[in-house]
1. Looking only at the stretch 103-140, count every residue that is farther than 21 Å from L92 by Cβ, of a type in the set (D, E, K, R) and part of a loop (DSSP other than H, G, I, E, B) and tell me the total.
2. Looking at A42, A46 in this structure, which one is open to solvent by less than 20 Å² (accessible area, probe 1.4 Å) and at pLDDT 90 or above?
3. Please name all residue pairs, on different chains or six or more residues apart, with Cβ atoms under 6 Å, provided the first residue is in the stretch 126-139 and is open to solvent by 30 Å² or more (accessible area, probe 1.4 Å) and the second residue is of a type in the set (G, A, S) and modelled with pLDDT of 85 or more.
4. Could you please find all residues in the stretch 86-101 being at negative phi and either open to solvent by 10 Å² or more (accessible area, probe 1.4 Å) or in a strand (DSSP E or B) (or both)?
5. Would you confirm, using the coordinates I've provided, whether A108 is in contact with a helix residue (DSSP H, G or I) (Cβ under 8 Å, 6 or more places away or on another chain) and either at pLDDT 85 or above or open to solvent by 60 Å² or more (accessible area, probe 1.4 Å) (or both)?
Amino acid sequence: MAGNPTPSDSFPYPRGSVVGILTDEATFEDARRRLSQEGFGADRCAVLHGEEGLARIDVEGEAHGRGGGIMRRLQSVLSDDGDHVREYAEHLRAGHYVVGIAVGEDEAAKQRAADAFRAAHGEVVHYYADNYVEDLGAGV
């Protein structure tokens, strides 16, 4: 599960992904193991950590061009997404991991990913659909 940015970078909006926050390396490694056991390979994972993660999450949307900036402004006005972005940025500044698992619209995959994050004590677990964000809860 490497955090390698690609042209199809899922941020600023991780559409079709379950996103979890893991507070330290031990919970990150536990989640990575559990996600792998559930069949989620590196090709379906985006890992944000440290300064590189902050750059990818791009709170203001500037690094994602004009569209990214517009997306961030709309998120801050029309939804809670802007709050999520700021929350994720705070977690990254604190040394935590923000991990996204691409599941598309596959309900079973969404639940498997959420279960893996919760079992690893993920602090926040969200699913990002096209037009809404679903809180999948945290804790076991």
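1. Qualifying residue count, the stretch 103-140: 3.
2. Details: A42 fails: open to solvent by less than 20 Å² (accessible area, probe 1.4 Å).
The match here is A46.
3. Pairs found: A138/G122.
4. Within the stretch 86-101, the first condition is being at negative phi, and the residues that meet it are 86-94, 96-101.
Listed by number, the residues that qualify are R86, E87, E90, H91, R93, A94, H96, Y97, V98, V99, G100, I101.
5. Values: in contact with a helix residue (DSSP H, G or I) (Cβ under 8 Å, 6 or more places away or on another chain): no; either at pLDDT 85 or above or open to solvent by 60 Å² or more (accessible area, probe 1.4 Å) (or both): yes.
Taking the combined requirement at face value, the residue does not satisfy it.
The values are calculated or read from the model by the stated rules, or taken from the named source; none is laboratory data. What you see is a predicted model, and the numbers here were worked out from it, not measured in a lab. Backbone-built Cβ (ideal geometry, glycine too); neighbour counts: all protein chains shown. The accessibility values were calculated without ligands, DNA or RNA, using every heavy atom of the protein model including side chains. Shrake-Rupley method; radii C 1.70, N 1.55, O 1.52, S 1.80 Å.
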